[in-house]
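Peer 1: Got a structure for you, written out below as structure tokens; questions coming shortly.
No value in this document is a laboratory result; all are computed from the given coordinates. None of these values were measured; they are calculated from a predicted model. Note that each Cβ is placed from the backbone with ideal geometry, even for glycine, and that neighbours are counted across all protein chains shown.
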Amino acid sequence: MPRKTLQTFEIQYLQVMDCDGNVDKRLMPALSHQQIKELYEFMVLVRTFDDKAFKLQRQGRLGTYLQVKGQEASQVGAAYALKDEDWLFPSGRDVGALITRSHPLHMLFQYRGGDERGVKAPEGLNNFPITIPVSTQIPHTTGSAWASKMLGEKVVHMALFGDGATSRSDFHEGLNFAGLFRVPAVFVCENNGYAISLPRVRQTAAETLAQKAFSYGIDGIQVDGNDVFAVYSAAAHAVEKARQGEGPTLIECITYRAAGHSTSDDDLKYRNKKEIEEWQKKDPIERLERYMRGNNLLTDKSRDDVLKRTRQRVEKAVEDYENVAPPRPRDLFTNTYARPTNELKEQMNEFTEGPDG
């Protein structure tokens, strides 16, 4: 029997700014100079936090940590498109998006130090807790978005996830439901090339991940994930479309994980230095700096000022994190049910009879 040729889908690829910092003015999103400076400072803050977290882990002051380095534009650009009332559903690597959404820095250190209280967003901050199981936040996003639709709210729900998540059932179920009920959701896939150590080409025969959107009757677009203007432009359009009741969008950000999967692996076991060096030329922060210098938005002094401010913020966050009182043993039981069962009450009493309970 002759083999059928797989159908190729037309997917738009969006790049606004090239690696030298030159932009296509026809595609440039409507951002003020102040907003561009703010995007830059967020990206520098994310990298500063990331570098510090890596060092703290190596010193035994944090647990396993997943670095963001190289993916700042994908996370900051996407989250920057949301309004305060919108909801963010992050994966384990998405501290950059949470920082953009004003999640307190010391709480993010707290979470990575093993204290779950760190991902309980402060009152009024619509950040869902970090999801560690791959892809499970996707149906959460769809369900939350469906609830908003039924309530008649103009609220958008955004999920961030890696390329590996698109090979799991939660992705397909979540997007199928989202497309069927046209919920106000935006699904942002940070395609960094690897699902832990598995390259994208060994995960799927699809030419792009964005084209998977078509299976569920929703829009899909692929963007240069190291170009913060492209990511923001695609995300802002998708967010506004969802807010107006025009359904969800899948955005595939082509980016690169500049570090290992986590502090527990050796990435040179599955990729080579040449590949890493080639991607370093596309570094999202350096690219934005070239644009800003070329448009009189950044000088050596203003760059130094940003670095100084972000380092001070991060060091203060470390101090605050390490001064947080540890959780009580009884806290193991307090966040399971709104009303504890009798069995749970008995276990809690047995476990917390000591003076530290």
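Peer 1: Would you kindly calculate the translational diffusion coefficient of the range 13-326, applying Stokes-Einstein with the Kirkwood radius from alpha carbon pairs, for 20 °C and a viscosity of 1.002 mPa s, and quote it in µm² s⁻¹ without decimals?
Peer 2: Taking Rh from Cα pairs, D becomes 109 µm²/s.
Peer 1: State the extension gain, in nm to one decimal, for the chain segment bounded by Y270 and I196, taking 0.36 nm per residue of separation less the distance between their alpha-carbons.
Peer 2: Extending this stretch completely gives an extra 25.7 nm.
Peer 1: Which pairs break 23 Å Cα to Cα here: K241/K282; K69/K282; K120/K212?
Peer 2: K241/K282; K120/K212
Peer 1: To the nearest Å, what is the center-to-center distance of the range 148-221 and the range 258-282, using C-alpha atoms only?
Peer 2: The range 148-221 and the range 258-282 have Cα centres separated by 25 Å.
Peer 1: How high is the relative contact order of the range 260-357, in percent, counting Cα pairs under 8 Å that sit 6 or more residues apart?
Peer 2: Relative contact order comes out at 16 percent.
Peer 1: Another question about this same structure. Can you give the calculated 222 nm mean residue ellipticity of the chain, where each DSSP H run of n ≥ 4 adds -39,500 (n - 2.57) and the sum is split over every residue, rounded to the nearest 500 deg cm²/dmol?
Peer 2: Theoretical 222 nm ellipticity from helices: -13000 deg cm²/dmol.
Peer 1: Further question: Dividing the Cα radius of gyration by the Kirkwood radius, what Rg/Rh value follows for the range 122-265?
Peer 2: When Rh is taken as the Kirkwood radius, the ratio is 0.96.
Peer 1: Say a site is exposed when it is one of the GluC sites (Glu not before Pro), sits in a DSSP loop, and has at most 11 other Cβ atoms within 10 Å; what is then the longest site-free stretch of the chain?
Peer 2: Of all site-free stretches, the longest is 124-352.
Peer 1: List the trypsin sites (Lys or Arg not before Pro) within the range 19-84 that fall in a DSSP loop (any state other than H, G, I, E or B) and whose Cβ has at most 12 other Cβ atoms within 10 Å.
Peer 2: K25, R26, K83
Peer 1: Next question. Using a/c under 1.5 as the rounded threshold, could you call the range 116-194 rounded, prolate or oblate? The axes a ≥ b ≥ c are square roots of the C-alpha gyration tensor eigenvalues, and prolate needs a/b larger than b/c, oblate otherwise.
Peer 2: oblate
Peer 1: Now for a separate question. Can you sort H261, H140 by how many other beta carbons sit within 10 Å, fewest first?
Peer 2: H140, H261
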